[in-house]
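**Student:** Supplied in structure tokens, the structure appears directly below.
The values are calculated or read from the model by the stated rules, or taken from the named source; none is laboratory data. Here the structure is a predicted model, which means the values were calculated and not measured. Don't worry about glycine lacking a Cβ; one is built from the backbone with ideal geometry, like all the others, and counts go over all protein chains shown. Ligands, DNA and RNA are excluded from the accessible area calculation, which covers all protein heavy atoms including side chains. Shrake-Rupley method; radii C 1.70, N 1.55, O 1.52, S 1.80 Å.
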Amino acid sequence: MNNNISRRDFIKKTAVVSAATIIGSDIILGKTEKAFAKIAKFKAVKVNKAYVKEVNGKKVTWVKGTPTAEEKLLIPKIRLPFIAQNGAMVPLTMEVGLKMTPQKYLKTFYVYDLNNPHAVQGSFDITPANGKAYISTRIKLEQESYVQILAEYSDGSVYGGRKFVKVTVGGC
Amino acid sequence: MKLGTILVRVPGRVKKGKIIKVLSLIKHPMDTGLVKNPKTGKIIPMWIINKVDVYYDKKLITVCHYGTGIASNPFLAFYLKADKKAPLEFVMYDTHHNVYKKTVTIDVV
């Protein structure tokens, strides 16, 4: 008997086997996808996508598209984890590139989460004595949401920035 | 750690005019008033720190207003311009009318 398999034969057989496995796995995956869809229906979360328009009677400017060099200094930078594993303690850092001078400085940071029944999480007033516009805290999140930071300046202008966070275990 | 104790970390010796980072932590439950006690089924009443004042050289430099969204054992970090050797005082108020205080001195060389 000839034990040696020819090259052509080998390729044919492997092609058939691999095709069969792909089709088979597709059928199984289809079932699991349906199952996942059921779970997703069961606990569907609604994420509020609205922007905060007003704070303290002042209009908030949201820069859409590419910001100019001047606007880049004014828009607050937010540091948050992409996926928060523990919703009871999500580290949040906010920062502004503008230098703190007595002429123009950052007055207040506002933290908003519109999915929370109490939307205002907190506000942080700072002065030029701080030297740098930077605050770091920890917040609670129940579900995935947009965390919005508003930066109010001493001349009355307010700029906003926001970031999306996913939460695996809620912590409220 | 006892409830209401404040921990503050500042660098030991600072050159004049340098901007330093200040870290602080306070032990506090920060109950939101929305959570039920699993054993008794009653709602745990709201008890949060709602205001934090920071004084440097007896001048108010930072004020924080907390809502219910701040995590338990609130952590706060900010920067400070170290101009002179002076005390840095933290005063925290909560909704049960308790006041927690802590002072550290910033050693400017």
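**Student:** Within the range A:52-97, track down each residue that is closer than 15 Å to A:ALA151 by Cβ, assigned to a strand (DSSP E or B) and among the β-branched types (Val, Ile, Thr).
**Tutor:** Matches in the range A:52-97: A:VAL55, A:VAL60, A:THR61, A:ILE78, A:THR93.
Yes/no matrix, rows are residues, columns are (1) out of contact with any Leu (no Cβ under 7 Å at 6 or more places or on another chain); (2) touching a residue at least 24 places away in the same chain (Cβ under 8 Å):
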{"site": "B:PRO74", "(1), (2)": "yes, yes"}
{"site": "B:ALA77", "(1), (2)": "no, yes"}
{"site": "B:LYS84", "(1), (2)": "yes, yes"}
{"site": "B:HIS97", "(1), (2)": "yes, no"}
{"site": "B:LYS101", "(1), (2)": "yes, yes"}
{"site": "B:ILE106", "(1), (2)": "no, yes"}
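**Student:** State the number of residues belonging to the range B:64-82 that are in a strand (DSSP E or B) and over 15 Å from B:VAL22 (Cβ atoms).
**Tutor:** 3
**Student:** Criterion first (open to solvent by 70 Å² or more (accessible area, probe 1.4 Å), in contact with a strand residue (DSSP E or B) (Cβ under 7 Å, 6 or more places away or on another chain) and either among the small types (Gly, Ala, Ser) or under 22 Å from B:PRO74 (Cβ atoms) (or both)) does B:LEU60 satisfy it?
**Tutor:** In short, yes.
**Student:** Which residues, taken from the range A:109-130, are over 15 Å from the mean Cα position of the chain (by Cα) and open to solvent by less than 10 Å² (accessible area, probe 1.4 Å)?
**Tutor:** Listed by number, the residues that qualify are A:PHE109, A:GLN121, A:GLY122, A:PHE124, A:ILE126, A:ASN130.
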